[in-house]
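A short worksheet on the structure shown next.
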Amino acid sequence: MTNSSSDSRALRKFLRHKPAVVASFIIAAYAVVAMLLLFTNMITMDDTLQRVGPETIPGFSSVQNPEKRLEDAEWLLDRIDTLAGREDPRAALDSFRDLGVRHVAEIPIEDLQQRVEEGWEIYDRLAEVEDLTAAVNGTLNSPDAPTGEVVLADLQQLELKLDELLAPMTAKEKSTRWFEMLFGTDRQGRSIFYRSVYSIRVAVLVGLITGLLSVTIGTIAGLLSGYFGGWVDNLITWLYSTFASIPNIVLLILLAFMFDGGHIDEPLNRWTGGLLKWLIGGRLDETLIPVYIAFTATFWIGPCRVIRGETLKIRELEYVQAATVMGFGRTRILLRHILPNVTYLMLINFSLLFIGAIKSEVILSFLGLGVKKGPSWGIMISQSKVEVINGFFWQIGTATVLMFFLVLAFNVLSDALQDVLDPKHV
Amino acid sequence: MWAYILRRLAYNVPVYLSILLLVMLALRVRDPVFGRLPKNATTADIAQKRVELGIDRPFHQQFGSQLKQVATATFDEISWDYPGQTVGEVMSRCIGPSLSITLPSLVLTTLFSITVALISAWFRGRALDKGLVFVAVLGMSVSFLVYIIFGQYYGAYKLNEWLGYDVFAIYYNPEVSNAGWGEFFTSVWPRYYLLPVLISVVVAMGYDTRFYRAVMVEESARDYIVTATAKGASQSRIMFIHMLKNAMIPIITRVVITIPFLITGSFLLESYFGIPGMGNQLIVAVESGDFPIVQSFTAVFAAVYIASNLLTDVLYALVDPRVRLS
């Protein structure tokens, strides 16, 4: 694995594995989005927390039932009516941000109130209809009931009136609005598109940071333990046996609880003169420190155990013994002769831990111990519990689909890496 | 072999002690007193509560009393969340519901996934095998929580609506814990436990099938298979008699390794469906800071975990004469 010809052979073998190549591209795409979210203001945290319209609007501008359309119309009429009745209606209307990029029309308040009044008139007519859906379908069995066409025309007219209450959109606003409403809104009227895409940031951060930290710590511990043996080995084996003998999820919950609420990381940060915050903070999100620590403390065991075993094997190989005989220092042997031969294990383990981190985040968030600030797929899935009971699948669906492709890509990649780099593995 | 077992046990003593220590220290990061007193509690109240809970004692004394409980296996400390109940009582109350889910799940998952793995290995490299492997990977890429939410929606809510009859209960009813044995198997288990069991079988199938298939595929490349083929044994005989027998070694290992998780229960399933099992109870105790329960539960989990690891190695040696315990 050390010389370049076998490296390129592994690479060629990998490139022949078509699903793995596709998976790499998918992962790269997620990484690009995550970088954009981290380093630009494409979508901000505020966007994900801000209401953009009525609650539980389905995505892809799907047709809704008449009752829901009427309900949404009532919501907007009521909001604008209340705001227009305030002492300083203009200021109140200007600060109205519950419609995402859309704004209330810049027309005199009297005109606005006039339009709201007209809206209410149509609304009242529709509200009197006993069963709107039945009326639209023409299945209402009553002689003086309005026909389906009349009801539909009324609804459309009402929605047109609502549109007149709002300022016309520029082309740019129109495209922003399209994205805002692409996957609909959740139970608090927030954009599911913003929330689910913004969650890529959390997923990649958690996967990347805990993956890198765990693999680094695990590799160092495994190498030292396997190569030096003796008390170093005893110490490290004792340490990982201890962590490994507590069921994974119990340890995760215990650690997450321990670090939750800044009981440890804040004193630690003060004590080190803000080092922790400087290392992990700002863009790397210091509110995620408890999650990073809990995951790393749980996940380092896997790579450590595997790399220790491999180092024990490599240590006895002729070329390492030859290097020892030639008088190379132990550090040099470890770094130049052993480390390059375990890098494939580091790669495979990183890929597996990335999946583990994303999936565990969902479980921790469900238990209220995970992500604290802003959305994540775990939070979205847990929150959609109530929506699912009401037959609204857009939030859970979007979060699951976005998570599914990332995890699937990593699953395929891990398999391919294992096939290419570690064919003996079962 | 006994020497080996004793040596392994001795080796695990420091590990076990450090687990107890780790859990106790991790819990003590937070002061449990404040959650258990009203907002306007005085210093005297706080001091009294500390004495009541026994956390005024020096740490080594607390550790000692925990150690004594573990060593004598009598968990007689009083739970903080359930006054008047000892940890042992809480444990024996919770173990039943947990086992009602995990035991059937383990049996069903193992049987189903071995069957699917055999089918997959039989058609190795062909469309059916590739399809099954692909479905397994797809299934592994969806969050457990999503399976639970949709499992409940379609299994309990929609199914009941379509049939007009409550096949599965959506939430656990505490009254069912008083049911007799006969009633338990005929009406309580199918109604309250079958759905969570089915969900956990579906979730676990992907992982297990892939593992068992890999085992079978590896076995099928061995020399004894070539020999058996050469002497004219039929393919089904080779698969079910020769191969399955040898594949049993890793299968047994994998099953024994999951024994501790029978006792921990499924955290997510239990807390979602409100099943009062070990996992659910532990999460509740961690969150409310019920030290006696968390400490004793984790002590039991770790003991079972270490024991089953040891058991795996011993079984391995018993099943495979080539493996020597040293």
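All of the numbers you see were taken from the coordinates with simple rules; none came from a lab. Please read all numbers here as calculations on a predicted model, not as lab measurements. FYI the Cβ positions are ideal-geometry reconstructions off the backbone, even for glycines, and counts take in every protein chain you see.
Take chain A, connect every pair of alpha-carbon atoms lying under 10 Å apart with a spring to form a Gaussian network, then pick out the residue of A:35, A:169, A:326 with the largest mean-square fluctuation.
Looking only at A:35, A:169, A:326, the biggest GNM fluctuation is shown by A:326.
Hydropathy first: keep DSSP H helices in chain A averaging at least 1.6 on Kyte-Doolittle, then drop any whose Cα extent along the axis falls short of 24 Å, and list what survives.
The qualifying helices are A:18-39.
Between the alpha-carbon centers of region A:25-44 and region B:125-142, tell me the distance in whole angstrom.
Centre-to-centre (Cα) distance: 30 Å.
Which residues in region A:53-92 place their backbone N less than 20 Å from a point set 7 Å from the Cα of residue A:117 along the Cα-to-Cβ direction?
It comes to A:74, A:76-90, nothing else.
Give the range of the longest stretch in chain A that excludes all GluC sites (Glu not before Pro) found in loop regions by DSSP and having at most 11 other beta-carbon atoms within 10 Å. Write down the numbers at each step before the final one.
Working: sites that count: A:87, A:106, A:130, A:316.
Answer - A:131-315.
Quick one: net charge of residue A:168's neighbours, Cβ under 11 Å, K/R +1, D/E -1?
Net of charged neighbours comes to -2.
As a test of the formula, what do you get for chain B when each DSSP H run with n ≥ 4 contributes -39,500 (n - 2.57) and the sum is divided by the residue count, at 222 nm and rounded to the nearest 500 deg cm²/dmol?
One gets -21500 deg cm²/dmol as the mean residue ellipticity at 222 nm.
If you fit an axis through the alpha-carbon atoms of helix B:244-257 and take the longest principal axis of the Cα set of chain B, what angle between them do you get, 0 to 90°, nearest 10?
Rounded to the nearest ten degrees, it is 10.
For every other residue with a beta carbon closer than 14 angstrom to the beta carbon of residue A:236, add +1 if it is Lys or Arg and -1 if Asp or Glu, then tell me the sum.
Residues close to residue A:236 contribute a combined charge of +1.
Just need log10 I(q)/I(0) for region A:66-172 at q = 0.15, 0.22 Å⁻¹, Debye formula, equal scatterers on the alpha-carbon atoms, no solvent, rounded to two decimals.
So the normalised log intensities work out to -0.66, -1.11.
Which FRET efficiency value, to the nearest 0.05, is calculated for residue A:39 and residue A:234 with the Förster distance at 60 angstrom and r the Cβ-Cβ distance?
FRET efficiency, residue A:39 to residue A:234: 0.85.
What is the sum of charges, Lys and Arg at +1 and Asp and Glu at -1, for the other residues whose Cβ falls under 15 Å from the Cβ of residue A:288?
Residues near residue A:288 contribute -1 overall.
Tell me which trypsin sites (Lys or Arg not before Pro) from region B:218-326 have a DSSP coil assignment and no more than 14 other beta carbons within 10 Å of their own.
The qualifying sites are B:222, B:231, B:322, B:324.
Using the structure shown, list the pairs from A:359/B:158; A:18/A:313; A:68/A:373; A:313/B:245; A:277/A:372 with a Cα-Cα distance above 22 Å, or answer none.
A:359/B:158; A:18/A:313; A:68/A:373; A:313/B:245
If the label point is 7 Å along Cα→Cβ of residue A:156, which residues in region A:68-96 have backbone nitrogen under 17 Å from it?
Residues A:69-70 qualify, since their backbone N sits under 17 Å from the label point.
Rounded, prolate or oblate: pick one for region B:109-239, where a ≥ b ≥ c are the square roots of the eigenvalues of its C-alpha gyration tensor, a/c under 1.5 means rounded, and failing that, prolate if a/b is larger than b/c, else oblate. Could you put the intermediate results ahead of the total?
Values: a/c = 3.38, a/b = 2.20, b/c = 1.53.
Prolate, since a/c reaches 1.5 and a/b exceeds b/c.
Rank B:120, B:65, B:266 by mean-square fluctuation in a GNM of chain B with C-alpha springs under 10 angstrom and give only the top-ranked residue.
Greatest mean-square fluctuation among the candidates belongs to B:65.
Can you divide the C-alpha Rg of region B:2-72 by 2.2 N^0.38 Å and report the result to two decimal places?
1.54
Mind giving me the FRET efficiency for residue A:51 and residue B:89? R0 is 51 Å, r the Cβ-Cβ distance, nearest 0.05 is fine.
So, using R0 = 51 Å, E works out to roughly 0.55.
Report the equivalent ellipsoid semi-axes for the protein assembly as shown in whole Å, largest first, defined as the square roots of five times the eigenvalues of the gyration tensor built from alpha carbon atoms.
For the protein assembly as shown, the semi-axes come out at 51, 33, 31 Å.
Taking only DSSP H segments of four or more residues, each worth -39500 (n - 2.57), what value at 222 nm results for chain A once the sum is divided by all its residues, to the nearest 500 deg cm²/dmol?
Roughly -23000 deg cm²/dmol at 222 nm, from the helical runs in chain A.
How many nm is it between the label spots at residue B:237 and residue A:91, if each spot is 7 Å from the Cα in line with the beta carbon?
About 9.5 nm, to one decimal.
Work the Kirkwood hydrodynamic radius out for chain A: mean of 1/r over every pair of different alpha-carbon atoms, inverted, in Å.
25.7
Using R₀ = 60 Å, calculate the FRET efficiency as 1/(1 + (r/R₀)^6) where r is the Cβ-Cβ separation of residue B:173 and residue A:170; round to 0.05.
Using R0 = 60 Å, I get an efficiency of 0.55.
Can you give me the angle between helix B:278-288 and the longest principal axis of chain B, using Cα atoms only, in degrees from 0 to 90, rounded to the nearest 10?
Between the helix axis and the principal axis of chain B, the angle is about 40 degrees.
Give me P(r) over region A:1-121, computed from all C-alpha to C-alpha distances, binned every 5 Å, as integer percentages.
The distribution over region A:1-121 is 2, 8, 11, 12, 12, 10, 8, 7, 6, 5, 4, 4, 3, 3, 2, 1, 0, given as percents.
How far apart, in nm, are two points set 7 Å out from the Cα along the Cα-to-Cβ line at residue B:111 and at residue A:128?
6.5
Would you please state the base-10 log of I(q)/I(0) at q = 0.14, 0.28 1/Å for region A:305-370, with intensities from the Debye formula using one equal scatterer on every alpha carbon?
One equal scatterer on each Cα of region A:305-370 leads to -0.56, -1.13.
Given a cut-off of under 8 Å on Cα pairs at least six residues apart, what relative contact order in percent is computed for region B:126-242?
29
Quick one: pull the percentage of alpha-carbon pairs in chain B with a separation above 30 Å.
For chain B, the share of Cα pairs beyond 30 Å comes to 51 percent.
Once both labels are modelled 7 Å past Cα along the beta-carbon direction, what's the residue B:248-residue B:191 spacing in nm?
Distance between label points: 4.1 nm.
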